[in-house]
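The values are calculated or read from the model by the stated rules, or taken from the named source; none is laboratory data. These numbers were taken from a predicted model, which means no experiment stands behind them. All Cβ positions, even for glycine, are placed from backbone atoms using ideal geometry, and neighbour counts span all protein chains on display. Note: areas computed on protein heavy atoms with side chains; ligands, DNA, RNA excluded. Shrake-Rupley method; radii C 1.70, N 1.55, O 1.52, S 1.80 Å.
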Amino acid sequence: MKQFAEIGNLLTQTKKIVITTHQKPDADALGSSLGLAAYLKKLNHEVTVISPTNYPEFLNWMHGQVDVLQFDEKNPKTRKQIEQKVEEAEIAFFMDLSDPKRCDPIHELIFKTKAIRIVIDHHLGKKDFVNWEIWDTEAAATGELVYEMILAHGRQDLIDKATAECLYAAIMTDTGG
């Protein structure tokens, strides 16, 4: 896939990256975000995962979830952290997200970014809101597309157990097992 190579080229030098997903993230949204974050960190990028809302406690086992910035309107400190990360970002990934309004309540905040916008998703109803996209409605889950991207970059050596578990959870839950 041509987009895999082009995105790989964007990642050759260290960047500040934010990753976000839809509100009330499920295992595919959070797992693919955390799997991608783990991969990018191994490439020496500075990565922040941002959730527009809280997510179910049963996902708290996922590697990296303790570092996720969860937006909370009642917490000005978190809002300030998110604003700073979005402002500094050079690349913004939108995971499991076909429509930018699905990342409310941070829709307005996240779309102020001057960063290169990349979406990775498998849902119908695509809206054009990014510079680059990995979009495949035939994919079982967004986690599958992250896995394929890592393979396309020839970096399967960077898939450790924690990364694999996040991507597996994404695929497992979106396929119903």
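Among the numbered conditions (1) open to solvent by less than 70 Å² (accessible area, probe 1.4 Å); (2) in a loop (DSSP other than H, G, I, E, B); (3) at pLDDT 95 or above; (4) not small (Gly, Ala, Ser), the only one that LEU40 does not meet is (2). When LEU34, LEU69 are screened for being in contact with a Gly (Cβ under 7 Å, 6 or more places away or on another chain), buried (at least 16 other Cβ atoms within 10 Å of the Cβ), among the aliphatic types (A, V, I, L, M) and at pLDDT 95 or above, only LEU34 passes.
The C-beta contact set for the range 103-132 (first residue over 18 Å from LEU30 (Cβ atoms) and assigned to a helix (DSSP H, G or I), second residue open to solvent by 10 Å² or more (accessible area, probe 1.4 Å) and β-branched (Val, Ile, Thr), distance under 6 angstrom, 6+ apart or interchain) is empty. Checked against the criterion of being out of contact with any helix residue (DSSP H, G or I) (no Cβ under 8 Å at 6 or more places or on another chain) and not in a strand (DSSP E or B), the candidates GLU138, GLU144 yield just one match: GLU138.
Report whether or not GLU87 is of a type outside the set (Val, Ile, Thr) and either under 27 Å from ASP160 (Cβ atoms) or in contact with a Cys (Cβ under 7 Å, 6 or more places away or on another chain) (or both). When the stated conditions are applied, GLU87 does not pass them.
Among what's in the range 43-58 and is buried (at least 16 other Cβ atoms within 10 Å of the Cβ) and free of Cβ contacts under 8 Å to residues at least 60 places away in the same chain, pick the residue that is farthest from GLU90 (Cα to Cα). The residue in question is TYR55.
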